[in-house]
1. What FRET efficiency, computed as 1/(1 + (r/R0)^6) with R0 = 45 Å and r the Cβ-Cβ distance, is obtained for residue B:106 and residue A:70, rounded to the nearest 0.05?
2. When DSSP beta bridges are limited to those with both residues in chain A, what percentage is antiparallel, rounded to the nearest 5?
3. With the Cα gyration tensor of chain A in hand, convert its eigenvalues to equivalent ellipsoid semi-axes via √(5λ) and list them largest first in whole Å.
4. If you take the square roots of the eigenvalues of the alpha-carbon gyration tensor of the range B:1-74 and sort them as a ≥ b ≥ c, do you get rounded (a/c under 1.5), prolate (a/b over b/c) or oblate?
5. So if I take the centroid of the Cα atoms in the range A:57-112 and the same for the range B:56-111, what is the distance between those two points in Å?
6. Going 7 Å from the Cα of residue B:3 toward and past its Cβ, which residues in the range B:65-101 have a backbone nitrogen under 18 Å from where you end up?
7. Restricting things to alpha carbons, find the Rg to Rh ratio for the protein assembly as shown using the Kirkwood radius for Rh.
8. Compute the FRET efficiency between residue A:82 and residue A:20 as 1/(1 + (r/R0)^6), taking r as their Cβ-Cβ distance and R0 = 25 Å, and round to the nearest 0.05.
């Protein structure tokens with residue numbers, strides 16, 4: 001069974017630009033969550049989607065948004081990029097309530 | 001105070017040693033507890049997943065949860081150099097949704 005796939009693996013963007021990251025969950029998994037990982041703050045929850053609906057949201061500004069498609073694939077978007085948005089963005093999928101979360105390899109975003 | 005506290009280390013032990021990694025937490029609603037291993041420039045890999053209190057063993061790994069003390073542990077027996085990585089504890093009150101992570105402990109196993 002293929003794991004969670006995130007694209008692209010690396011991105012370099014300029015302050016003020018926007019970026020879209022993509023995540024394909026494990027086949028059959030309907031829940032997709034996004035996390036931001038930085039050396040200072042560690043892993044922080046961004047949001048979670050289930051059946052195309054945002055079910056949970058973390059404490060991030062509105063510049064961070066996401067969506068989920070009918071095939072469970074998900075995208076997250078960051079608008080008006082700031083230097084502090086440089087991080088590893090991780091996507092995790094799970095099959096439902098009470099099940100474990102499996103992570104992708106992440107997208108490393110650098111904002112210059 | 002963070003919701004989940006984990007000693008960031010670094011922790012360095014000789015090959016073959018028993019390693020003990022720990023996390024404490026403050027939210028009594030947490031019921032789902034996970035341990036992940038993360039190698040440099042990789043995503044976290046699920047090692048152990050437990051629900052509520054008790055012990056769970058998988059090969060060289062044992063996870064313990066003590067909800068009364070709000071304390072979880074991961075033991076690694078017969079540690080190998082390939083176990084060198086950052087170990088992250090994570091927990092939730094609703095399964096895989098909205099995980100709260102510890103800071104991670106950087107572990108090095110010396111041959």
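Read-outs: derived from the displayed coordinates by stated rules, not from any lab. Since this is a predicted model, take the numbers as computed values, not measurements. No Cβ is skipped: glycine too gets one built from the backbone with ideal geometry, and neighbour counts run over all protein chains shown.
1. Values: r = 41 Å, r/R0 = 0.90.
Efficiency, rounded to the nearest 0.05: 0.65.
2. Details: 37 of 41 bridges.
So the antiparallel bridges in chain A amount to around 90 percent.
3. Details: eigenvalues 103, 38, 33 Å².
Working from the Cα gyration tensor, I get semi-axes of 23, 14, 13 Å.
4. Working: a/c = 1.57, a/b = 1.37, b/c = 1.15.
Since a/c reaches 1.5 and a/b is larger than b/c, the shape of the range B:1-74 is classed as prolate.
5. What the calculation gives is 23 Å, centre to centre.
6. B:67, B:70-72, B:88-101, by backbone N distance to the label point.
7. Ratio of gyration radius to Kirkwood radius: 0.97.
8. Numbers: r = 16 Å, r/R0 = 0.66.
Efficiency computed from Cβ-Cβ geometry: 0.90.
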